[in-house]
1. Looking at (1) open to solvent by 10 Å² or more (accessible area, probe 1.4 Å); (2) assigned to a loop (DSSP other than H, G, I, E, B); (3) away from the ligand (no atom under 16 Å from the Cβ); (4) within 23 Å of ALA15 (Cβ to Cβ), find the lone condition where GLN258 falls short.
2. Pick from GLY170, GLY197: which is modelled with pLDDT under 95 and not acidic (Asp, Glu)?
3. Out of GLY459, GLY414, I need the residue that is of a type outside the set (Lys, Arg), within 16 Å of the ligand (Cβ to nearest atom), out of contact with any Pro (no Cβ under 8 Å at 6 or more places or on another chain) and not in a helix (DSSP H, G or I). Which one?
4. When you look at ARG305, is it part of a loop (DSSP other than H, G, I, E, B) and open to solvent by less than 30 Å² (accessible area, probe 1.4 Å), yes or no?
5. Can you name every residue in segment 210-228 that is closer than 24 Å to CYS263 by Cβ, assigned to a helix (DSSP H, G or I) and open to solvent by less than 20 Å² (accessible area, probe 1.4 Å)?
6. Please enumerate the residues belonging to segment 261-287 that are within 14 Å of the ligand (Cβ to nearest atom), open to solvent by 10 Å² or more (accessible area, probe 1.4 Å) and in a loop (DSSP other than H, G, I, E, B).
7. Within segment 175-216, how many residues turn out to be aromatic (Phe, Trp, Tyr) and under 16 Å from VAL488 (Cβ atoms)?
Amino acid sequence: MKVDDLVSVGEAMHADLGREYYLTGAGLKRDPEFQSIYDRHAELSGDAALDVARESGIDALVEWIVGLRVGRAVAPFEERQLTWEQGATLTVDGREISYLRAPIELRNSPDRAFRLALDRELTRVGTAGLNGLRRDRFALEHEIVGGLGLGSDYVASISALSGIALDALGDAADTLLRQTADLYLDALTRLVRRRLGIRVDELERADTGWVFRAETFDAAFPPDALVATAVRQMGEMGLDATQAGRVKFDTDERSAKQPRAFCAPVHVPREVYLVIRPSGGHTDYRTFWHELGHAMHFAAVDPERPFHERWLGDNSVTEAFAMLWDHLTLHRGWLRRYTDLSGNDVDTLRFELAVSELYMLRRYAAKLRYELAFHRSGLTNGLGAVGAVYAQHLTDATLFRFPEQDHLRDVDPGFYAARYLRAWQLEAALAASLTDRFDEDWYRNPRAGAFIQQFMSRGQADPADRLAAEVTGEALSFAPAVRRVEAVLA
Ligand SMILES: [Zn+2]
């Protein structure tokens, strides 16, 4: 086997996986067949493939082959989870609610007693149905990664594979949590008093969706204008939102559609799907702009670039492009231009969104710190203790009480939380640089559009830290993200 063989088989497999992911996630196909796709391309998860990747000297290929090996092994668990999620229902107050619909109901329910009951039921049913599956899945992943001799434990192995110093990022996350604690408490207190009329120490995880729901502004964010508004705004930057038709939008309502929006590349750059299940309000816009960022980034890549630069690399980069666009929906000038909100409403909404932004940033910082502890816990022993660590980290950081039982379901495989945190660092630095170069309204400046398109065309050839150094001359840090949120809340 040569590198070229590895890459051509890999490209074919990703096309199959991408299509399967799109069809099952969009609710167009019931039974996922990831396992048989991996089996069809079994040579990619063999030792010969790993040797070829190692000999190529391309780190992204090694990380990819290891990821495939894990992906193939855990595919039965992922499939069972997906099938279970599509079939599970909850009963609250005599009402049947599908498991996948529950997050949308939680976000849209002003009735606190109902929210608390629904979230309790969601936790109970999810714990019973999935926790064992998740535990086995992570234990198997540890076994496979541990067998490769990449580092002393799972955390060290993933640090080595990804090139991300996870403990150092965990320390930075810790500092971020301390630096923004007072600001967050003050802003959240104001918001919660206004929206729920309760004290901060009474908050439950069930309240997160409704506290940040901003439903009074829904009329300014009509679901049927999502695509047209995005096309118009990108057009004003001289960018094509569909990248010459290569991005395909799926906004239809289907009962088996995942509630979480996603982007599924099938061929990079020529066939990319953006799937969203609109549930009303500002969140639809923010989510759509986020997934559009991924979709445009994939669809913009120079087709002549090698496989590992088009498909692989540091996902902090694609997440940063997704965040670059989703943060526009928090921008004063953007809100004035692309919605019909009045000046006062813009300021009120911006305050609420900035609190929500800080909540998310703090939640991910806490998640990384928890996941470092989780992966070092040995998984099979002391799970009760790890559950308590989960609840403590998440509750301390967000000030909403998180349930211990979620400690296995609220874990993103392979430390994806670290990619999000680095994306926040890169995106905020990028946005500050765009403002310096092209002014506050860079989002309607064709020169800024050309600047961004050029970076998108490089795919993920460079990791987030190198890209940040190139654009800003500085190392990645949380400082730009903190400055931005302080400007609204302090
Ligand atoms: Zn994303």
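The values are calculated or read from the model by the stated rules, or taken from the named source; none is laboratory data. Remember, it's a predicted structure, so these values are computed and weren't measured experimentally. Glycine gets a Cβ as well: all are built from the backbone with ideal geometry, and neighbour counts include every protein chain shown. The accessibility values were calculated without ligands, DNA or RNA, using every heavy atom of the protein model including side chains. Shrake-Rupley method; radii C 1.70, N 1.55, O 1.52, S 1.80 Å.
1. (3)
2. After applying the criteria, what remains is GLY197.
3. GLY459
4. Values: part of a loop (DSSP other than H, G, I, E, B): yes; open to solvent by less than 30 Å² (accessible area, probe 1.4 Å): no.
Considered against the rule, which asks whether it is part of a loop (DSSP other than H, G, I, E, B) and open to solvent by less than 30 Å² (accessible area, probe 1.4 Å), ARG305 comes out as no.
5. Scanning segment 210-228 gives a single hit, LEU226.
6. ALA261
7. The total comes to 2.
Listed here are the residues, each with its yes/no results for (1) within 20 Å of the chain's Cα centre (by Cα); (2) within 12 Å of the ligand (Cβ to nearest atom).
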residue: TRP289; (1), (2): yes, yes
residue: GLY293; (1), (2): yes, yes
residue: HIS297; (1), (2): yes, yes
residue: ASP302; (1), (2): no, no
residue: GLU309; (1), (2): no, no
residue: LEU312; (1), (2): yes, no
residue: GLU319; (1), (2): yes, yes
residue: ASP326; (1), (2): yes, yes
residue: LEU335; (1), (2): no, no
